[in-house]
Amino acid sequence: QVQLVESGGGSVQAGGSLRLSCEGSGGASYCNYDLDWYRQAPGKEREFVSRIIRDGRIVYADSVKGRFTISRDDAKKIVYLQMDNLKPEDTAMYYCQQIPWLDYGGACSAGWGQGTQVTVSS
């Protein structure tokens, strides 16, 4: 099973920036090139944020489009989420996760990690 570790969260004022990292380890050698970012605020449903696929396709939720940028370091198997012009509405616990239909028969399956907290003050 793949282990995913999120890091890079913190507390910033509105308009500030943070860069989150998602590092995957374990699993097959071809794992950890396709990842989703999610976030969840207290009392709210988990929300999709962004997706990167190994062929270069990238997806952003409308709420973060133009402010967040997802990227990947192939050598280190780390996926980054650069968050600029942060808003109080971005406050949440942020998680990365394998794309459900790209777990390669279970070889790249992963549970939810600990997440990293992002807090944006107004």
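The values are calculated or read from the model by the stated rules, or taken from the named source; none is laboratory data. Computed from a predicted model, the values in this text were never measured in an experiment. With ideal geometry, Cβ positions are generated from the backbone for all residues, glycine too; neighbour counts draw on all protein chains shown. Just the protein is used for accessible areas: all its heavy atoms, side chains included, with ligands, DNA and RNA removed. Shrake-Rupley method; radii C 1.70, N 1.55, O 1.52, S 1.80 Å.
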Fill in: Only listed residue being touching a residue at least 60 places away in the same chain (Cβ under 8 Å) and assigned to a strand (DSSP E or B), chosen from 16, 24
24
Worksheet item: Right, residue 80: more than 18 Å from residue 29 (Cβ to Cβ), among the aromatic types (Phe, Trp, Tyr), part of a strand (DSSP E or B) and in contact with a Phe, Trp or Tyr (Cβ under 7 Å, 6 or more places away or on another chain) or not?
Response: no
Worksheet, complete the sentence: Scanning the range 11-67 for residues that are among the hydroxyl-bearing types (Ser, Thr, Tyr) and exposed (fewer than 14 other Cβ atoms within 10 Å of the Cβ) gives 11, 17, 25, 29, 30
Worksheet item: Any chance the range 10-25 includes a residue that's more than 15 Å from residue 119 (Cα to Cα) and of a type in the set (D, E, K, R)?
Response: yes
Worksheet entry | Those residues of the range 45-65 which are out of contact with any Phe, Trp or Tyr (no Cβ under 7 Å at 6 or more places or on another chain) and assigned to a strand (DSSP E or B), in sequence order | 51, 52, 58, 59
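For the range 89-104, give me each residue that is of a type in the set (Phe, Trp, Tyr) and either open to solvent by less than 10 Å² (accessible area, probe 1.4 Å) or in contact (Cβ under 8 Å) with a residue 40 or more places away in the chain (or both).
Keep residues of the range 89-104 that are of a type in the set (Phe, Trp, Tyr), which gives 94-95, 101, 104.
Those that are of a type in the set (Phe, Trp, Tyr) and either open to solvent by less than 10 Å² (accessible area, probe 1.4 Å) or in contact (Cβ under 8 Å) with a residue 40 or more places away in the chain (or both): 94, 95, 104.
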Worksheet item: For residue 72, which of the numbered conditions (1) charged (D, E, K, R); (2) open to solvent by less than 40 Å² (accessible area, probe 1.4 Å); (3) at pLDDT below 95 fails to hold?
Response: (2)
